[in-house]
Structure formats: structure tokens, C-alpha cells
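The values are calculated or read from the model by the stated rules, or taken from the named source; none is laboratory data. Everything quoted here is computed from the prediction, not taken from an experiment. Reconstructed Cβ throughout: ideal geometry from the backbone, glycine too, with neighbour counts over all protein chains shown.
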Amino acid sequence: MMWISFNRLRISGVTDPLRSPAPVVPTGPARPSLVPPPNWHPRTPLLLGLVFLSLIPALILTFQRVQFEQSRKVTALVMDYPALVIQARRYGQDPQALLNRYKALGVNGVALYEDTVASLQQRGEILLKNGYDLADKFPGAPVKPNAVYMRSVVPGVAESLPARYTIPTHTVTVGGQSWLEWPSDPSYLPAGPNRAQVAEFQRQGMVLVYRPYNDEARPVSQVGTDWPAVPYVAFTDDAVIGARTPELLEQVDRAMGQRIPAVIEGNIQDGLEDLVLTHGGVRLFALAPSWQNQLTPEEIASKYNLAARERSQQLLYLRPFPTINETTDMLARLQELMKNSGIKVGMPVTTAFEPSPVLRWLSIIGPLAALLLAGLSLPLRRLGLLGAAGTLLLCLGLNYATPLAGFALVAAVTFPALGLLLRRSRITDWFIATGLSLVGVVFVSALGATPDSMLGLHPFRGVGLTLLLPLAMVAASFLPKQDIRKTVSDVYNAPIKLGDIAVMGLGLALLGLVYSRRGNATGGSVTEFESSLRQNVQDSMVRPRFKEVAAHPLAILGLSGKLPGYFSGLMLLGGTMGQASILNTFSHFHTPFLISATRCFLGLGLGLLIGLLLVKLFDVLAGFWRSYRPDAAVGPRARA
């Protein structure tokens with residue numbers, strides 16, 4: 001906003017030869033647009049040539065990514081089986097009969113937790129008694145009040161448990177029966193899978209997700225050795241088993257075999273990356289029960305459909321509502337939405353995307369050439385080159401572990417500004433700026449899309465910069481060709497009107513709002529109306545980003561050359577946010593490329609239409625304002 005203050009010092013009456021000033025102040029001479037023309041560098045054709053030459057390998061990689069994503073539009077609807085059993089019992093129904101009802105509505109998988117000692121007791125396979133209960137029932141028996149005693153109801157079940165743990169136990173005879181004495185309550189110790197249940201669901205052709213537990217009492221060498229032969233494993237808690245113990249993590253890695261670990265959205269568990277490196281991964285989407293109970297079945301169905309369509313979630317982890325009717329309503333609506341979205345229900349395809357390293361390294365030439373061109377296109381070229389070098393170091397520093405992702409960030413922060421640095425004299429230049437932003441999209445995809453980033457394990461670091469650095473580059477292009485110290489002095493001494501302060505405050509507020517609401521889940525809140533509107537739109541189509549729909553018209557209005565003073569520059573800065581949002585959209589690599597492209601082009605089309613309408617509306621309003629004659633409003637007596 002210092003640029004506003006500086007432009008008040010520019011020579012009055014000096015116009016941009018590429019613009020047609022439109023006066024809006026009727027009481028004095030027209031105020032021309034103060035946006036300086038772009039700076040052309042002799043090396044521009046060469047650097048653009050390098051950009052488009054490097055675009056060839058980037059296009060190949062992007063095409064391969066699209067083919068890969070199109071082959072994976074299959075999702076499994078996995079029901080939390082213990083929660084289903086609770087619901088069935090609450091309504092006096094057989095769990096299998098209720099599951100069959102849900103299967104008819106699309107459910108094709110179940111999640112099974114590892115048994116615990118308590119679940120064995122609940123099924124009537126063992127009997128647990130506290131020591132004080134036995135002592136009360138059998139006075140004088142050799143029991144300890146603070147111990148826990150176990151015996152089998154199904155022969156051999158209790159006797160098989162001590163070998164699973166390092167906890168010392170021994171056998172005592174009480175009331176003529178043999179009991180195992182445990183020094184502490186074993187109820188929550190993991191007891192292995194319910195193999196009969198697993199076999200039955202495999203017979204039904206269900207997609208199975210196994211959720212194992214662990215306890216320090218379990219010997220490291222035995223962890224995972226009894227896991228059932230299921231395709232997917234979803235760990236509980238915030239870490240995979242063995243995340244804090246290298247030896248145990250190695251054992252879990254061996255025990256995984258052909259099983260694929262689930263990457264739970266919003267809960268990237270410690271140690272998961274090591275397992276994904278060896279076994280690959282599958283994205284899983286679930287809603288916490290406490291949140292689910294605050295939403296309607298239609299809202300839940302919308303969120304699950306969005307997860308499958310736009311976030312590549314291949315396992316939708318479902319939990320039943322408190323009532324059966326709500327659950328069936330949710331499943332029916334979800335089935336309808338997924339059919340409309342072209343998502344099939346079945347066994348997910350979980351192969352990993354493997355881009356060519358050679359093509360990726362060849363693709364870095366484009367972003368580097370674009371960054372150099374951006375630095376050379378600024379009026380203060382030494383400052384521009386220094387800024388380009390700083391940008392490169394910042395991007396690589398944020399992605400120090402994955403340098404190619406750093407070059408993807410270079411593309412994401414450079415291409416949104418490049419078009420407006422090179423041309424900004426007429427409305428058609430918006431198409432050039434947009435075209436260069438779309439070129440940047442290809443580089444971002446080619447350099448940033450990897451198996452880990454597409455699984456959401458390695459979020460793109462520095463996404464926030466894609467909204468800020470392009471703005472800074474375009475703003476820097478407004479600086480005059482003079483000593484920067486003089487510019488700082490001029491800005492400091494410039495007179496500021498209350499109107500300027502209001503414009504500055506509004507601009508900063510809008511910038512803060514856009515930045516706070518970047519990404520999928522941020523601190524920026526939305527109104528209930530906007531939330532409802534978003535759901536209605538995204539249920540029927542891929543929703544364009546509202547910030548793009550709002551920002552693209554600003555660029556078109558700024559390029560029209562009709563606004564006076566610094567307002568054209570402000571509109572161009574606002575329009576830069578629209579170009580930056582394009583790259584920001586494609587920086588979420590777990591979103592399929594074609595979904596991002598659909599969202600982008602919808603935003604471009606709506607933005608272009610609204611922008612052209614705003615230009616016409618401005619002409620009408622300006623004509624109405626110019627028709628006002630101050631002296632005509634003053635009576636003859638006053639003029640005399």
C-alpha cells in the first residue's frame with residue numbers, strides 16, 4: 001500500500017501511453033491511471049523459449065499422472081463393524097441382517113478391530129473374576145484379593161493367552177476348577193483376530209480393514225505374526241505400532257507382508273511414512289463420531305462424496321448414525337452422489353504413481369528461467385535479481401528434504417505474476433497472464449506430484465507463499481526507476497488522505513481474509529449461508545474457488561484502462577490473487593489433476609464474464625457521473 005502514497009507524487013498529467021484515461025472527477029481535470037508500463041528485457045525471448053522447451057517433459061509427466069488417476073476411480077465403503085453391532089443390538093436386530101441391509105445400499109467392506117481379552121469374555125469364551133470375588137465365594141481359597149483370575153469356557157482359550165505376553169501367570173485351583181492368576185487386569189490386552197469372523201466376511205467378498213492393537217507386554221518378535229490375511233491395515237491412535245521403538249517398527253514392517261497401510265486424512269501417524277515407503281499406502285477418510293452426530297445424513301453424504309471425488313480417498317470409513325433410518329438415508333444419498341460423480345464402489349486400485357526422475361529434473365529448467373525473467377522484468381533489476389535469488393533459496397529451504405518440490409514451489413510463486421510483469425496494457429493481456437499461469441500449473445504438477453505427496457504424507461510446504469510472493473512481485477514492478485532510497489523517502493513524505501487510509505485498510509483486510517482461508521481446512525470461518533451454498537454447488541458439480549471468481553474480474557477491470565489514479569494498480573494486485581489462486585489450487589496433489597482443472601476453468605469462465613460485465617457497468621456509471629454539472633445545480637441568484 002506504500003505504492004498508493006508514492007503515486008500521489010507522480011507528475012500530474014503524465015499518462016500511460018498504452019491506456020485510455022477515463023475521467024470520473026467532474027470538478028477538475030481527468031486523473032490518468034498511474035500504473036507504469038512493463039519493463040521489457042532483451043533476454044525475454046530466450047528465457048521464454050527455455051520455459052516452453054522445458055514444458056515438453058512436464059507435459060509428459062502431467063499426462064501420465066492424469067492416466068494414473070483415471071485408473072483409480074474406485075472406492076470402498078467400509079463400515080465400522082463394532083459400531084454396527086452396537087446399533088443392531090440396540091434395535092434388537094441381527095448384526096449380519098443389518099449389514100446385509102447396508103450392503104444393499106453400497107457398503108462393500110467392514111473394519112474389524114483386534115480382539116481384546118475383554119471381548120473374549122463378552123463372547124463367552126472365557127470367564128474373568130476379581131480376586132476379592134473369588135475369596136468371598138470360596139473362603140480360605142489360595143487367592144489374592146488384588147489379582148484377577150481367568151478360566152476357559154471354550155476349552156483352551158484361556159490357556160493359550162499367557163504365551164502371548166511377558167506377564168507372569170500361574171495356575172491355582174479354586175472350588176475344584178483351575179484358574180489362571182494374573183497380577184493385573186488383562187482385560188485390555190490384545191488377543192489377536194476373530195478368525196471365524198474374518199473368514200466369514202472373506203467368504204462374503206467384503207473389503208476388510210484390520211485395526212490391530214499393541215501392548216508393551218507383547219513380545220516384539222510376536223507382534224503382527226497373527227494378523228489375518230486382509231488387504232488393508234489401519235492403525236489406531238496417533239502413531240503406528242512401533243513408531244517409537246526401531247526394533248518393533250522393523251518387526252511391524254516385516255509383519256505387514258502384502259498388506260497396505262491406510263493413510264488417515266487429518267491424522268498422519270508417526271512411523272507411517274516408513275511403512276508406506278515399503279508397502280505403499282491407501283487414503284482413508286473418516287469423520288469423528290462427535291462431529292458426525294452434529295451433522296445431517298445429507299451433509300455427511302456430501303462430505304464423503306467430496307472426499308472420494310476430489311481428494312482421492314479410496315477407503316470411506318463409515319460409522320452408523322444413532323438410528324437405522326438416518327444411516328440408510330446417508331447411504332442412499334451417498335450412493336446417488338457417487339454415481340453422479342462417476343465413482344465406482346469396489347476394491348480400490350492401490351498401485352503407486354512413479355514419475356520419471358529424468359523428466360522431472362528436465363522440468364526444473366522452466367521455473368528457473370521464469371524466475372530469472374521475473375527478476376529481470378522489474379524496473380530495479382539488481383533488486384529484482386536479488387529478490388529472485390532470495391525466492392529460490394526460500395523455496396528450496398522450505399522443501400530441503402525434497403528439492404524437486406522446492407522447484408515446484410518456485411513455479412507456483414513465479415508464473416502467477418509473470419504475465420502481468422510482461423504485459424498489462426489491455427484486457428486481452430489477461431489471457432496471456434492466465435496462459436502463463438496454466439503453464440506454471442504443468443510445472444507444479446510435474447515437479448510436485450509424487451507417491452508421498454499424492455497420499456498426503458508430504459504436504460506441499462510453502463503453499464501460503466503462492467498467494468503472497470506473486471503479489472509482492474507485481475507490486476515491485478510499480479516502483480519507479482530511481483534510487484530506492486529516494487523512493488522510500490518519497491513514500492514517507494507523501495501526503496495521505498482519509499480515502500487512501502480507507503482503501504489501504506480495505507485492501508489489507510481482504511488480503512488477510514484470502515490468506516486465512518487458503519487450503520482445505522484453515523482458521524478462516526465461513527457463514528452458514530456460504531456453507532450451505534458450497535454444499536449445494538459441490539453436490540451437483542465441481543465447485544470453483546470463490547476467491548478466483550472474485551479476483552479475475554478485478555484484473556480485467558484494472559486492464560481496461562478506465563480507472564483513474566492508483567485504482568487500476570489496485571485492481572491488478574487483486575487480479576494477481578486470482579492468478580495465484582490457480583497455482584494454489586493445483587498445489588494440493590491429493591486432488592486429481594482433472595478435478596483441479598475443472599475447478600480452475602469454471603473460475604476463469606465466471607471471472608471473465610463478471611469482469612466484462614463490470615467494465616460495461618463502469619462505463620454506464622462513469623457516464624452518469626460525468627453528466628453531473630456543479631454549476632447547473634447552482635441557481636442564477638447564487639451565480640450572480
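The figures follow:
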read-out	value
Cross-chain or 6+ apart pairs with Cβ under 7 Å, the stretch 137-160 first and under 14 Å from residue 173 (Cβ atoms) and free of Cβ contacts under 8 Å to residues at least 60 places away in the same chain, then among the acidic types (Asp, Glu) and surrounded by 14 or more Cβ atoms within 10 Å (Cβ to Cβ)	149/181
Selection from the stretch 274-305 of residues that are under 25 Å from residue 339 (Cα atoms) and hydroxyl-bearing (Ser, Thr, Tyr)	296, 302, 304
Selected residue (only one of 162, 155, 186, 246 is over 23 Å from residue 279 (Cβ atoms) and loosely packed, with under 13 Cβ neighbours inside 10 Å)	155
Condition broken by residue 381, with the remaining ones in (1) touching a Leu at 6+ places or on another chain (Cβ under 7 Å); (2) of a type in the set (Lys, Arg); (3) over 25 Å from residue 69 (Cα atoms) satisfied	(1)
Every pair of residues 6+ apart whose Cβ atoms lie under 6 Å, when the first sits in the stretch 472-483 and is under 15 Å from residue 419 (Cβ atoms) while the second is assigned to a loop (DSSP other than H, G, I, E, B) and hydroxyl-bearing (Ser, Thr, Tyr)	none
Residue 138 being out of contact with any helix residue (DSSP H, G or I) (no Cβ under 7 Å at 6 or more places or on another chain) and under 30 Å from residue 271 (Cβ atoms)	no
Residue within the stretch 425-435 that is under 24 Å from residue 359 (Cα atoms), without any contact (Cβ under 8 Å) to a residue 60 or more places away in the chain and of a type in the set (Gly, Ala, Ser) present	yes
Criterion: crowded, with 17+ Cβ neighbours inside 10 Å and free of Cβ contacts under 8 Å to residues at least 60 places away in the same chain - qualifying residue of 378, 385, 371	371
Answer residue from the stretch 79-114, given it is closer than 17 Å to residue 208 by Cβ and of a type in the set (Ser, Thr, Tyr) and is surrounded by the most Cβ atoms within 10 Å (Cβ to Cβ) among those	81
Qualifying residue in the stretch 47-57 (condition: touching a helix residue (DSSP H, G or I) at 6+ places or on another chain (Cβ under 6 Å), of a type outside the set (Val, Ile, Thr) and outside any helix (DSSP H, G or I))	no
Qualifying residues in the stretch 165-183 (those that are outside any strand (DSSP E or B) and in contact with a strand residue (DSSP E or B) (Cβ under 7 Å, 6 or more places away or on another chain)) - the one farthest from residue 114 (Cα to Cα)	169
Close pairs (7 angstrom Cβ cut-off, 6 or more residues apart or separate chains): on the phi < 0 side of the Ramachandran plot in the stretch 594-612, surrounded by 18 or more Cβ atoms within 10 Å (Cβ to Cβ) and basic (Lys, Arg) anywhere	595/309; 599/543; 599/545; 603/545
Any hit, the stretch 370-387, residues being under 28 Å from the mean Cα position of the chain (by Cα) and assigned by TED's automatic domain parsing to the domain that holds residue 54	yes
Pair list, Cβ < 8 Å and 6+ apart or interchain, from the stretch 189-214 residues that are assigned by TED's automatic domain parsing to the domain that holds residue 232 and among the basic types (Lys, Arg) to residues that are modelled with pLDDT of 95 or more and part of a strand (DSSP E or B)	211/111; 211/112; 211/113; 211/233
Any chance residue 83 is more than 26 Å from the chain's Cα centre (by Cα) and either in the same structural domain as residue 377 (by TED's automatic domain parsing) or not basic (Lys, Arg) (or both)	yes
Sole residue being surrounded by fewer than 20 Cβ atoms within 10 Å (Cβ to Cβ), at pLDDT below 90, within 28 Å of residue 411 (Cβ to Cβ) and in the same structural domain as residue 420 (by TED's automatic domain parsing), chosen from 567, 618, 546	546
Positions within the stretch 404-426 being in contact with a Lys or Arg (Cβ under 9 Å, 6 or more places away or on another chain) and surrounded by fewer than 24 Cβ atoms within 10 Å (Cβ to Cβ), in sequence order	404, 425, 426
Whichever residue in the stretch 207-222 is touching a Leu at 6+ places or on another chain (Cβ under 9 Å) and at pLDDT 95 or above and, among such residues, is surrounded by the most Cβ atoms within 10 Å (Cβ to Cβ)	209
Any hit, the stretch 330-338, residues being assigned by TED's automatic domain parsing to the domain that holds residue 488, on the phi < 0 side of the Ramachandran plot and surrounded by fewer than 19 Cβ atoms within 10 Å (Cβ to Cβ)	no
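A quick yes/no check of all residues on (1) at pLDDT 70 or above; (2) touching a strand residue (DSSP E or B) at 6+ places or on another chain (Cβ under 9 Å); (3) in the same structural domain as residue 281 (by TED's automatic domain parsing); (4) in a helix (DSSP H, G or I):
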{"site": "525", "(1), (2), (3), (4)": "no, no, no, no"}
{"site": "556", "(1), (2), (3), (4)": "yes, no, no, yes"}
{"site": "587", "(1), (2), (3), (4)": "yes, no, no, no"}
{"site": "599", "(1), (2), (3), (4)": "yes, no, no, yes"}
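Condition check ((1) at pLDDT below 95; (2) touching a strand residue (DSSP E or B) at 6+ places or on another chain (Cβ under 8 Å); (3) in the same structural domain as residue 574 (by TED's automatic domain parsing); (4) within 24 Å of residue 280 (Cβ to Cβ)) across all residues:
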| residue | (1), (2), (3), (4) |
| --- | --- |
| 415 | no, no, yes, no |
| 424 | yes, no, yes, no |
| 434 | no, no, yes, no |
| 441 | no, no, yes, no |
| 447 | no, no, yes, yes |
| 458 | yes, no, yes, yes |
| 467 | yes, no, yes, no |
